[in-house]
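Notes for the one structure printed next.
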Amino acid sequence: MSIARKSLVFTFVIMTAVPAAAQHIVPPQQLAATITEQMTRQDADRAAVREALTRPEVRAVASSMKIDMDKVLTTVDTLSDVELAQAADAARKVNQQLVGGASTVVISTTTIIIILLLLILLIVIIKA
């Protein structure tokens, strides 16, 4: 009986000690800062995607592909972290190339990037 009692006491001590120790592994300030940083990054990514999607060149390509841009724009808010990162990367490339005064070669590259951006967003729409 004493072995069972010792086992029970040991289990109880371990169960109560682990949560108490785990509470102080990450300070609340660091957790709040990490969450704020992630939300700031996601907001910047969404802004970059929206900026690219509102450009006349992107709208022209989407129109030629018969893509509903209103639906695509609403999809930006539903992207997962990975999808948002991919779309933001493509959007930033589009934004950078179109701001820089694109030449003929850059325009075709930009068109490819725009199409890839739209495809990423269409895949998300289809999955939903």
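As for segment 78-85, it holds at least one residue that is outside any helix (DSSP H, G or I) and within 10 Å of the chain's Cα centre (by Cα).
I need a count of the residues in segment 99-125 that are more than 17 Å from Val82 (Cα to Cα) and modelled with pLDDT of 65 or more.
Result for segment 99-125: 9.
If only one of Glu37, Glu83 is surrounded by fewer than 17 Cβ atoms within 10 Å (Cβ to Cβ), on the phi < 0 side of the Ramachandran plot and either modelled with pLDDT of 85 or more or not acidic (Asp, Glu) (or both), which one is it? Reasoning before the result, please.
On the way: Glu83 fails: surrounded by fewer than 17 Cβ atoms within 10 Å (Cβ to Cβ).
Testing whether each residue is surrounded by fewer than 17 Cβ atoms within 10 Å (Cβ to Cβ), on the phi < 0 side of the Ramachandran plot and either modelled with pLDDT of 85 or more or not acidic (Asp, Glu) (or both) leaves just Glu37.
Taken together, Ala91, Ala128 contain a single residue that is at pLDDT 85 or above, among the hydrophobic types (A, V, I, L, M, F, W, C) and on the phi < 0 side of the Ramachandran plot, which is Ala91. Of all residues in segment 62-77, those satisfying the criterion of being surrounded by fewer than 19 Cβ atoms within 10 Å (Cβ to Cβ) and not in a loop (DSSP other than H, G, I, E, B) are Ser63, Ser64, Met69, Asp70, Lys71, Leu73, Thr74, Asp77. Against the conditions (1) surrounded by fewer than 17 Cβ atoms within 10 Å (Cβ to Cβ); (2) closer than 21 Å to Thr109 by Cβ, Leu53 satisfies every one except (1).
Please go through segment 86-100 and pick out each residue that is in a helix (DSSP H, G or I) and free of Cβ contacts under 8 Å to residues at least 40 places away in the same chain. Selection gives Gln86, Asp89, Ala90, Lys93, Gln96, Gln97, Val99.
The values are calculated or read from the model by the stated rules, or taken from the named source; none is laboratory data. If you're wondering where the values come from, they're calculated on a predicted model, not measured in any experiment. No Cβ is skipped: glycine too gets one built from the backbone with ideal geometry, and neighbour counts run over all protein chains shown.
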